[in-house]
Amino acid sequence: MLEHFCESYSDLSGPILCPVLGSIIPLFIPNSRIRPIRLIGLCASLITFLYSPVPRIQFDPSTAKSQFVESLRWLPYENINLNLGIDGLSFFFVILTTFLIPICILVGWSGMRSYGKEYITASLIREFLMIAVFRMLDPLLFYVLPESVLIPMFIIIGVWGSRQRKIKAAYQFFLYTLLGSVFMLLAILLILFQTGTADLQISLTTEFSERRQIFLWIASFAAFAVKVPMVPVHIWLPEAHVEAPTAGSVILAGIPSKLGTHGFLRFSIPMFPEATLCSTPFIYTPSAIAIIYTSLTTSRQIDLKKIIAYSSVAHMNLVTIGMFSPNIQGIGGSIPPMLSHGLVPSALFLCVGVLYDRHKTRLVRYYGGLVSTMPNLSTISFSSTLANMSSPGTSSFIGEFPISVGAFQRNSLVATLAALGMILGAAYSLWLYNRVVSGNLKADFLHKFSDPNGREVSIFIPFLVGVVRMGVHPKVFPDRMHTYVSNLVQHGKFN
């Protein structure tokens, strides 16, 4: 039994076990020794990040099947096993997750003085759960793990949030996402009843009747739409961002929304292709409305975090348009913006965090003329703003252009509305940057001026490098994902 257990854990499960061990060790260290606790958490997250690209060495991009598949008997009497694998879709999401967690630990390095041990433990458990979600090939655990991610996120918002409304925001975040997923559980139980197995790869080859497909698709849509989030179930996101600490906002922007889009691409679209085709107008309409609505709403916000949060909703609804444009351009183009969305809004939230640490306010009206007092932060903010505008040469551009092409092939009106949303996005991004960085310095409200220190600059650099790297040399993404996307389109007979 022990030999079988050891053989089951190789290259793929190493990044899952490392954060687990890193979260357990600090529990045996006294709270007074906070520095060793932080170092253990940072080292565990860095080792996980360095280890996550290892499967790339032997990864075969010519096949759409899951690779490095590992299986562990979990509930054998119910034919439910712990199956792990990786393919062209999950590969980059795992790297994004392991990239963001060390950043979150560094962001909270000096700010999380209270309950520092608990913060490190919650961060590493969250990393373990998110990596497991992207590599999971078991439908039942594919439901359990994303809901488990809610627990450490709920704790981080509720304990280390910045305002008095943090408890309300934490409960709102938890209940919205949890209640939406109840229908997903019913769908998975029905799938297990029909297929007789909890192997996702077998479930993907099972043919469901059209009526059952529609029912299962609606049930899964209720779960994934809240996580994206799509309008009108997006209310929890701006509130959660406003109340969360900076590190919480970084991870909220980077990963939880990808659990929804990843769920669509992994579960709903390939398993229920007929229902997906039928539901395309149902997706297009709220997504197009959401892009325009949230873009206009963004221009009316006075809180810096809410501006970025609503902008984030607009970008993710553009991704849903691409995912449900049943062609290679739309589906393939929707994946790079998901990865870019893990970098660009996160960098913007970090900029807001730097300002809040110094001035203790996020209201736009108190800021102006920062280019003369914080030139380095102004430069970093400008680079992040260009990426948020989807400027050529940045990570956002390489996906949003193919999405527009794919959507135009399906519905020219939706593509036009999406393009209008991009224009509005550029408008409010430039307005916000000009309002905060340019103009007259408001010395009556702001007193402490200091550019980002060495630790803060070192946090920004990986984001800026990633944004430029994706924008200038994006070839690595279609090389890894093209076979998976082509198989998805062919399997669904979308073309």
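Might you check whether a residue that is within 19 Å of Gly330 (Cα to Cα) and crowded, with 22+ Cβ neighbours inside 10 Å occurs anywhere in region 249-258?
Filtering region 249-258 down to residues within 19 Å of Gly330 (Cα to Cα) leaves 257-258.
Retained after the next criterion (residues that are crowded, with 22+ Cβ neighbours inside 10 Å): 257-258.
There is at least one residue in region 249-258 that is within 19 Å of Gly330 (Cα to Cα) and crowded, with 22+ Cβ neighbours inside 10 Å.
Do you know which residues across region 20-70 are under 17 Å from Leu124 (Cβ atoms), among the β-branched types (Val, Ile, Thr) and part of a helix (DSSP H, G or I)?
Correct list: Val20, Ile24, Ile25, Ile34, Ile37, Ile40, Ile47, Thr48.
In this structure, is Gly14 open to solvent by less than 70 Å² (accessible area, probe 1.4 Å) and modelled with pLDDT of 80 or more?
The answer is no for Gly14.
Could you tell me which numbered condition Thr276 fails, if it satisfies all but one of (1) open to solvent by less than 10 Å² (accessible area, probe 1.4 Å); (2) of a type in the set (Val, Ile, Thr); (3) closer than 23 Å to Met422 by Cβ; (4) more than 18 Å from the chain's Cα centre (by Cα)?
Going through (1) open to solvent by less than 10 Å² (accessible area, probe 1.4 Å); (2) of a type in the set (Val, Ile, Thr); (3) closer than 23 Å to Met422 by Cβ; (4) more than 18 Å from the chain's Cα centre (by Cα) one by one, Thr276 breaks only (3).
When you scan region 465-488, how many residues do you find that are open to solvent by less than 50 Å² (accessible area, probe 1.4 Å) and assigned to a helix (DSSP H, G or I)? Can you show your working first?
Taking region 465-488 first, the residues open to solvent by less than 50 Å² (accessible area, probe 1.4 Å) are 466-467, 470-471, 474, 476-477, 480-481, 483-486, 488.
Checking which are assigned to a helix (DSSP H, G or I) leaves us with 466-467, 470-471, 476-477, 480-481, 483-486, 488.
Adding up the residues that qualify gives 13.
Can you name every residue in region 312-344 that is out of contact with any Asp or Glu (no Cβ under 9 Å at 6 or more places or on another chain), farther than 13 Å from Ser257 by Cα and not in a loop (DSSP other than H, G, I, E, B)?
Result: Ile321, Met323, Ile328, Gln329, Gly330, Ile331, Gly332, Ser334, Val344.
Scan region 53-62 residue by residue and report those that are modelled with pLDDT of 70 or more and either basic (Lys, Arg) or open to solvent by 40 Å² or more (accessible area, probe 1.4 Å) (or both). Spell out how you get there, then give the answer.
Looking only at region 53-62, we keep the residues that are modelled with pLDDT of 70 or more, and these are 58-62.
Listed by number, the residues that qualify are Gln58, Asp60, Pro61, Ser62.
Could you tell me how many of the residues in region 81-104 are within 28 Å of Arg38 (Cβ to Cβ) and among the aliphatic types (A, V, I, L, M)?
Of the residues in region 81-104, 6 are within 28 Å of Arg38 (Cβ to Cβ) and among the aliphatic types (A, V, I, L, M).
With the checklist (1) in contact with a Ser or Thr (Cβ under 8 Å, 6 or more places away or on another chain); (2) open to solvent by less than 10 Å² (accessible area, probe 1.4 Å); (3) touching a residue at least 60 places away in the same chain (Cβ under 8 Å) in hand, flag the one item Pro238 doesn't pass.
That leaves (1) as the condition not met.
If you take the residues of region 439-464 that are surrounded by 13 or more Cβ atoms within 10 Å (Cβ to Cβ) and among the aliphatic types (A, V, I, L, M), which of them is modelled with the lowest pLDDT?
Across region 439-464, the extreme among qualifying residues is Leu446.
With the structure loaded, tell me whether Ser378 is open to solvent by 30 Å² or more (accessible area, probe 1.4 Å) and not aromatic (Phe, Trp, Tyr) or whether it fails that test.
Numbers: open to solvent by 30 Å² or more (accessible area, probe 1.4 Å): no; not aromatic (Phe, Trp, Tyr): yes.
Spelling it out, it is not the case that Ser378 is open to solvent by 30 Å² or more (accessible area, probe 1.4 Å) and not aromatic (Phe, Trp, Tyr).
The values are calculated or read from the model by the stated rules, or taken from the named source; none is laboratory data. All figures in this text were calculated on a predicted structure; none of them were measured in a lab. All Cβ positions, glycine included, derive from the backbone under ideal geometry; neighbour counts span all protein chains shown. We work out accessible area using only protein heavy atoms, side chains counted, and drop any ligands, DNA or RNA first. Shrake-Rupley method; radii C 1.70, N 1.55, O 1.52, S 1.80 Å.
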